[in-house]
Amino acid sequence: MSHSSQQVWEDFFKRYYWENILELAKNYPEKRSLSIEFSDLERFDMELAHELIDHPEASLKHANEALSGIDLPADVIFEKTHVRIVRLPERIQIRELRSENINKFIAIAGLIRKATEVRPKIINAAFKCQRCDHVTLVPQGEGKFVEPFECENDVCGRKGPFKLVHEESEFIDAQKLRVQESPDDLRGGEQPQTLDVDVDDDLAGIVAPGDRVVVSGILRSYQRSTAQGKSTFFDLVLDGISIDVEDKEFEEIEISKEEIDEILELGKDAEVYSKVIYSIAPSIYGYEEVKEAMALQLFSGIPKSLPDGTRIRGDVHILLVGDPGVAKSQLLRYGVRLAPRGIYTSGKSSTSAGLTATAVKDEFGEGRWTLEAGALVLADMGLACVDELDKMESDDRSSMHEAMEQQTISIAKAGIMATLKSRCALLGAANPKFGRFDRYEPIAKQINMPPALLSRFDLIFILTDEPSVGRDTAIAEHILKAHYAGELSVRRENVLNSGIEAEEITKAMEVIQPVIQADMLRKYIAYTKRNIFPIIQDDARKQLIDFYLSLRKQGEDPNSPVPVTARQLEALIRLAEASARVRLSNVITTEDTTRVIRIVMASLKQVMTDPETGRLDADIINVGISKSQKDRIKILKEIIRDLQEEYKSSVPLEDIISKAEESGIKKDTVEDMLQKLKAVGEILEVTNEKFRVV
Ligand code: ADP
Ligand code: MG
């Protein structure tokens, strides 16, 4: 040790960073940090670099002293500058931090999960002796506030009392962050681990929850205390020295030259669509349409920024609604596995931040407000798979609109005002409230989701579990084959001389083997998202417009429902862009538009068909009630109103029923509707079974 000294650092700065220092002098004191690339330090002096890693405390002290003591040509004195070392060659996974890393200089990568408000922290406290008025300065470290033991004044020397003098004390901005391991570093549904980071001065307030960062700093440990006193266990905290924010989509995914060749080859393959579809959840039988939609979601449309500052999302949102046990959750889990930056969570949510974000005053912030990112923020630039969406918290429900459309989440609570990014695609699953899906009830009501939110999904699929011999047999066989293959392989692994050949297992596994391996598919997706930005051709554009207009036309007749809205048109465009990307095409052709019209129609037919008329009706999704229902309400209210006029008083139930039956509304329906209208206050039950329109 002790190669490092103020002199060595000064030499280094002068040789490698003189320009940057002059620049800093120009902007001082607004700018106070000098960023140093670790590789420059290595080139200058290997030993110095190693010493920084092993003894960061002393090294950085020398470095900071060297910087503030440097002779500047300008009339500036560096008093509060910081040397910030960036880009360490090695990053340590949070879960792999061990005691040997304590007090070392390390770098970690992850997501900001929580951040407190930026608040002043005292670093040099001035105490005035109440007896002699002498002021004693006490430097403050991390943790406990230190008061003087006795008055510095020799003549006095008494033990106080002392009073803190704010004006003469020195404060610095400080913030506490919690960094969580990046989902890409987790395999097979592991729970992410976290590390708390303390940052101060100009590092405070530069990151927000959801940001992807690389933080370097000195790993420190603090002794835990329990009710019985001090514990032998220590907690880890990183004393932050530098923060790099990564804002690129797929930086972590590296694609080799050979893999690019493979990707290009696959893109040319005429079978590429079915290959991709059969690589999504191969152990789940059927659902080709849903899988095709999921494929397009993974490849995603193109986000656009318009000159007026608005941003149009490229992400495709999909909702799976359906009976229990139809593999919804399984499909979601596969989605996470394939999507770069995929996150799986449940609407019930295990964390306090829920799906969007929350601001709370908790222990972490030691009484300060803390902003915590929820799943949609953590999945920024990725895919959020949210199971049991029907069970989401009401707070989330209200911020979901913004999260899905603008892809931001705004929080304004107490001292915290923030807009977090949630640029992710959403793959949601919802179970109907009453167990099974009822075709005659509006979806919104069944899954407890406001229609306005439902209309934000580009595609909704309803998966019902209706017994049918053909399909049931196929599913049963598929499931049994999958289990058989599993049994063979487990036996071979565990029993010596099992007599099972590897080929036998490979053959059995074939049915559930993806055509493209998950790892390759992730790279394929990452490659297209980085490189493929298709543009729509004239004939494809015309096809989309014609399709949209032909559906809209149905609504021109005032007696017909409006079949689609502009939202569906936007969905079509996004999906067509994704479709072109799948085959690495730079143009969107009628091949793409034909494909997505087919998928959108399949979804529309499932969710927007009015079961009473068989016609498409956008109001089922957008308003939560079909036109035929609305018409019936109108008729019923008119009946009551007419009878009311006639009787000059409220109307008995049986008269309403008999009149309604003349108009073709059944008795049960009438009773049901009356209850509902009464509940929303549109009619009154004046006395028992006598009604009046309000
Ligand atoms: P949900 O979330 O819809 O209630 P799950 O995803 O939990 O259903 O699925 C229940 C089980 O049934 C899973 O183990 C799944 O693999 C199996 N299963 C259901 N449908 C299929 C299918 N079509 N193909 C293969 N397995 C299926
Ligand atoms: Mg489920």
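The values are calculated or read from the model by the stated rules, or taken from the named source; none is laboratory data. For clarity, every value in this text was computed on a predicted model and none was experimentally measured. No Cβ is skipped: glycine too gets one built from the backbone with ideal geometry, and neighbour counts run over all protein chains shown.
At a glance:
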| read-out | value |
| --- | --- |
| Whichever residue in region 456-477 is out of contact with any strand residue (DSSP E or B) (no Cβ under 6 Å at 6 or more places or on another chain) and under 23 Å from Leu298 (Cβ atoms) and, among such residues, is modelled with the lowest pLDDT | Arg456 |
| Filtered residues of region 44-63 (kept if in contact (Cβ under 8 Å) with a residue 12 or more places away in the chain, surrounded by 15 or more Cβ atoms within 10 Å (Cβ to Cβ) and part of a helix (DSSP H, G or I)) | Phe44, Leu48, Glu51, Leu52, Ile53, Pro56, Ala58, Ser59, Leu60, His62, Ala63 |
| Which listed residue, of Glu259, Glu292, is in the same structural domain as Ala444 (by TED's automatic domain parsing), over 29 Å from Pro451 (Cβ atoms) and either among the charged types (D, E, K, R) or within 16 Å of ligand 1 (Cβ to nearest atom) (or both) | Glu259 |
| Odd one out for Leu264, checked against (1) away from ligand 2 (no atom under 16 Å from the Cβ); (2) on the phi < 0 side of the Ramachandran plot; (3) touching a helix residue (DSSP H, G or I) at 6+ places or on another chain (Cβ under 6 Å) | (3) |
| Any hit, region 334-356, residues being basic (Lys, Arg), more than 16 Å from ligand 1 (Cβ to nearest atom) and surrounded by fewer than 23 Cβ atoms within 10 Å (Cβ to Cβ) | no |
| Unique residue being over 20 Å from Gly217 (Cα atoms) and touching a Ser or Thr at 6+ places or on another chain (Cβ under 6 Å) when the list is Phe149, Phe127 | Phe127 |
| The lone exception for Ser398 - which of (1) among the small types (Gly, Ala, Ser); (2) away from ligand 2 (no atom under 16 Å from the Cβ); (3) surrounded by 17 or more Cβ atoms within 10 Å (Cβ to Cβ) it fails | (3) |
| Yes/no for Gly365 being buried (at least 18 other Cβ atoms within 10 Å of the Cβ), more than 12 Å from the chain's Cα centre (by Cα), within 16 Å of ligand 2 (Cβ to nearest atom) and not assigned by TED's automatic domain parsing to the domain that holds Arg574 | no |
| Top-ranked residue of region 297-326 - restricted to ones that are within 25 Å of Glu441 (Cβ to Cβ) and in contact with a helix residue (DSSP H, G or I) (Cβ under 9 Å, 6 or more places away or on another chain), ranked as farthest from ligand 2 (Cβ to nearest atom) | His317 |
| Count - residues of region 585-602 that are surrounded by fewer than 18 Cβ atoms within 10 Å (Cβ to Cβ), touching a residue at least 40 places away in the same chain (Cβ under 8 Å), in a helix (DSSP H, G or I) and among the aliphatic types (A, V, I, L, M) | 1 |
| Strands (runs of 3 or more DSSP E) lying entirely in region 403-463 (those with 2 or more residues that are within 16 Å of ligand 1 (Cβ to nearest atom) and aliphatic (A, V, I, L, M)) | 425-430, 459-463 |
| The lone exception for Ile516 - which of (1) assigned to a loop (DSSP other than H, G, I, E, B); (2) in contact with a helix residue (DSSP H, G or I) (Cβ under 8 Å, 6 or more places away or on another chain); (3) free of Cβ contacts under 8 Å to residues at least 60 places away in the same chain; (4) at negative phi it fails | (3) |
| Tally of residues being closer than 30 Å to Ala359 by Cα and of a type outside the set (Gly, Ala, Ser) across region 107-132 | 13 |
